[in-house]
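*Asks:* Here you go, one structure.
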Amino acid sequence: MNVIACYKIVPEEQDIMVKSDRTLDTSKAELKLGQYDLPAIEAAVNAVQESGGKVSLLSAGGKEIDNSKLIKGALSRGPDDLYLIIDPAIKEADANQTAAVLAAAARKIGFDLIICGEGSSDIYAMQVGAQLGEQLGVNVFNAVKNIKPQNGAIVIERSLEQEIEVLEAPLPAVISVTTDINLPRIPQLKEILAAGKKPVTKWGLSELGVTVANPVEVVSTLAPECKERKQIILEGDSDDIIDSFLQNIRKEL
Amino acid sequence: MNKVSNCWIFGESAAALPDLVSGALELAESVDAVIVGDKTEAAKALQAGCGKVYLIAEQGDTILEDYCATIQALIAREKPRLFILKTTKRTRLIAGRLAAAARTSVITDITNLSTDGKTITGEHMVYGGSAHRLEKCGDGLCLALVGEGIFTGPPAPAVSAGEIIEIAFIEPPRKAKLLERKPIAGEAVNLAVAKKVVGIGRGIQKKEDVALAQALAQALGAEIACTRPIAEGENWLARERYIGVSGAMLKPDYYFAIGISGQIQHMVGVNNAKTIISINSDKNAPIFKLSDYGLVADLYSALPKLMEKL
């Protein structure tokens with residue numbers, strides 16, 4: 001079984017600065033692998049360990065994803081090789097267009113199973129997996145919390161609002177996995193060193209024969225206006241302080 | 001005219017319909033529902049204010065996702081301008097598949113949806129709640145996923161000349177085999193509509209101590225809720241009870257934060273609370289800048305005293 005695990009490079013949200021006009025400045029933010037993508041990579045490695053085959057990583061983005069530290073960080077998690085699709089237009093691509101890029105790449109690489117994270121840690125629309133499966137014309141499922149490869153198919157458990165659903169899906173398939181499907185490994189020094197020797201293939205959009213044109217237009221991205229709060233703060237736990245605090249809040253309770 | 005002419009709605013359960021209809025009628029002149037079920041359910045949709053119901057008879061041995069091909073064909077034929085789905089895990093997948101077939105993207109987790117009659121714009125949070133993004137749909141189909149607590153208008157009147165149109169099921173080109181369904185013995189909690197909420201965070205040191213906050217919630221008649229690590233890392237409370245960009249979004253009369261530092265990913269879920277009250281031992285915690293009333297104190301000594309005096 002050949003498995004592709006997808007990941008997105010995102011800015012560390014704690015480092016995002018809000019400018020005075022409420023726009024965001026991500027220029028000082030450190031880049032990292034999306035936190036919801038780590039379980040997807042781990043799940044791909046685990047699935048192949050059981051069934052045999054190969055795990056490829058696939059990521060698309062601007063030239064910032066072509067960074068040796070980020071590449072090693074991804075490959076040290078156990079996959080065999082990595083494919084990067086690099087073009088500045090991908091950075092602003094919406095779910096439909098991101099999936100179109102990934103679909104073109106996945107067709108070229110070849111796959112039995114594609115595993116995505118639950119959503120990207122920056123936009124978190126949780127849509128690329130669904131779009132990717134439909135665009136590739138294969139079975140597609142989200143909220144997957146368990147995978148078992150089984151002769152040409154996978155048995156998956158989906159964690160839905162009211163129920164756990166167990167399905168047997170024929171391959172090829174695309175699935176998005178939940179964060180509790182596994183505990184992603186912390187790569188050891190040996191794995192990090194080995195990662196530097198694994199093959200990395202870089203493609204541009206022209207090599208895939210796709211272009212990016214978003215059907216949905218982003219109008220603005222602004223920090224929320226903060227609601228004015230009274231900020232009446234007391235300090236201590238003496239009877240007097242507790243009494244005053246209670247007096248403050250009693251009318252609200 | 002500041003409305004689009006027509007909007008479709010779809011929800012996993014019939015309980016979602018009244019809110020969807022009332023919200024959709026703010027944006028469109030008429031609202032049509034796509035229903036998987038029987039005529040009784042279709043009639044209920046007319047009762048809820050839908051003008052038309054596209055009824056797809058429920059098939060045996062299927063999951064809701066198996067109706068995608070039928071709905072895709074219906075969209076291609078009727079070309080709705082706006083299609084609002086109530087967010088659940090299944091509809092998130094279904095909306096994505098419908099969008100792929102219509103060559104567009106879904107605007108998800110909408111906090112505000114508006115139209116001037118021509119363009120449709122949706123607002124949703126990005127970067128873990130650090131920002132709101134405004135997105136504008138193209139000229140074709142606009143797909144929107146709307147969660148709990150966004151459409152809160154009064155119920156719409158029934159449409160007397162409503163019409164039920166039966167749609168033939170199209171066998172999906174691919175299908176998974178349903179092996180088993182196990183109901184989750186989860187808690188049925190709907191924080192989105194709770195008026196009083198007590199939330200706990202990392203300031204609570206061990207599982208047994210959750211009882212302290214639970215006692216306060218009980219005394220106040222409030223729901224108990226928490227930050228993501230309390231539900232997902234520690235599993236001290238059910239997942240349904242965590243607040244934040246990937247969890248519940250609240251609009252309570254007050255939010256009482258116990259041992260919560262005030263990280264943005266959590267606070268976006270309670271920013272719409274009328275009043276925020278907090279107790280935290282660290283006086284530099286960001287929560288105090290976001291509170292109306294705060295107490296800098298060790299919650300282990302302050303809470304019991306507070307309970308006594310309540």
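The values are calculated or read from the model by the stated rules, or taken from the named source; none is laboratory data. Keep in mind that this is a model prediction, so the values were computed, not measured. Positions of Cβ are generated from backbone atoms using ideal geometry, with glycine treated the same way; all protein chains shown enter the neighbour counts.
*Asks:* Report, ordered by the first and then the second residue, all pairs with beta carbons closer than 6 Å, sequence separation of six or more or different chains, a first member in region A:142-166 that is within 10 Å of another protein chain (Cβ to nearest Cβ) and of a type in the set (A, V, I, L, M), and a second member that is part of a strand (DSSP E or B) and surrounded by fewer than 18 Cβ atoms within 10 Å (Cβ to Cβ).
*Replies:* Within 6 Å, the pairs are A:A153/A:E168; A:A153/A:P170; A:V155/A:K148; A:V155/A:E168; A:I164/B:K182; A:V166/B:L179; A:V166/B:E180.
*Asks:* Let me ask another. Given the conditions (1) within 12 Å of chain B (Cβ to nearest Cβ); (2) of a type outside the set (A, V, I, L, M); (3) in a loop (DSSP other than H, G, I, E, B); (4) without any contact (Cβ under 8 Å) to a residue 40 or more places away in the chain, and given that A:K197 satisfies all but one, which numbered condition is not satisfied?
*Replies:* All conditions are met except number (1).
Residue-by-condition table, conditions (1) within 16 Å of the chain's Cα centre (by Cα); (2) within 14 Å of chain B (Cβ to nearest Cβ):
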site	(1), (2)
A:G73	yes, no
A:P88	no, no
A:A100	no, yes
A:K108	no, no
A:F111	no, no
A:G129	yes, yes
A:Q135	no, yes
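*Asks:* For A:N146, state whether it is out of contact with any Phe, Trp or Tyr (no Cβ under 7 Å at 6 or more places or on another chain), crowded, with 23+ Cβ neighbours inside 10 Å and modelled with pLDDT of 95 or more.
*Replies:* Criteria not met by A:N146.
*Asks:* How many residues, within region B:262-307, are among the small types (G, A, S) and touching a helix residue (DSSP H, G or I) at 6+ places or on another chain (Cβ under 9 Å)?
*Replies:* If we filter region B:262-307 for residues that are among the small types (G, A, S), which is where we start, we get B:262, B:269, B:273, B:278, B:281, B:285, B:291, B:294, B:297, B:301-302.
Add one more test, that the residue is touching a helix residue (DSSP H, G or I) at 6+ places or on another chain (Cβ under 9 Å), and what stays is B:262, B:269, B:278, B:281, B:294, B:297, B:302.
Counting residues in region B:262-307 that are among the small types (G, A, S) and touching a helix residue (DSSP H, G or I) at 6+ places or on another chain (Cβ under 9 Å) gives 7.
*Asks:* So, of the residues in region B:154-190 that are within 14 Å of chain A (Cβ to nearest Cβ) and in a strand (DSSP E or B), which turns out to be farthest from B:A225 (Cα to Cα)?
*Replies:* B:K177
*Asks:* While we're looking at this one, here's another question. I need the strands (runs of 3 or more DSSP E) fully contained in region B:1-120, keeping only those with at least 1 residues that are of a type in the set (F, W, Y) and either at pLDDT 95 or above or out of contact with any strand residue (DSSP E or B) (no Cβ under 6 Å at 6 or more places or on another chain) (or both).
*Replies:* In region B:1-120, B:4-10, B:52-57, B:82-86 are the strands (runs of 3 or more DSSP E) which contain 1 or more residues that are of a type in the set (F, W, Y) and either at pLDDT 95 or above or out of contact with any strand residue (DSSP E or B) (no Cβ under 6 Å at 6 or more places or on another chain) (or both).
*Asks:* A:T179 versus (1) assigned to a loop (DSSP other than H, G, I, E, B); (2) within 12 Å of chain B (Cβ to nearest Cβ); (3) more than 18 Å from the chain's Cα centre (by Cα): which is the lone unmet condition?
*Replies:* That leaves (3) as the condition not met.
*Asks:* Just to be sure I understand, how many residues within region B:158-180 are of a type in the set (D, E, K, R) and surrounded by 14 or more Cβ atoms within 10 Å (Cβ to Cβ)? Walk me through how you get there before you give the answer.
*Replies:* Of region B:158-180, the ones of a type in the set (D, E, K, R) are B:163, B:166, B:171, B:174-175, B:177, B:180.
Then drop every residue that is not surrounded by 14 or more Cβ atoms within 10 Å (Cβ to Cβ), which leaves B:174-175.
Final tally of qualifying residues: 2.
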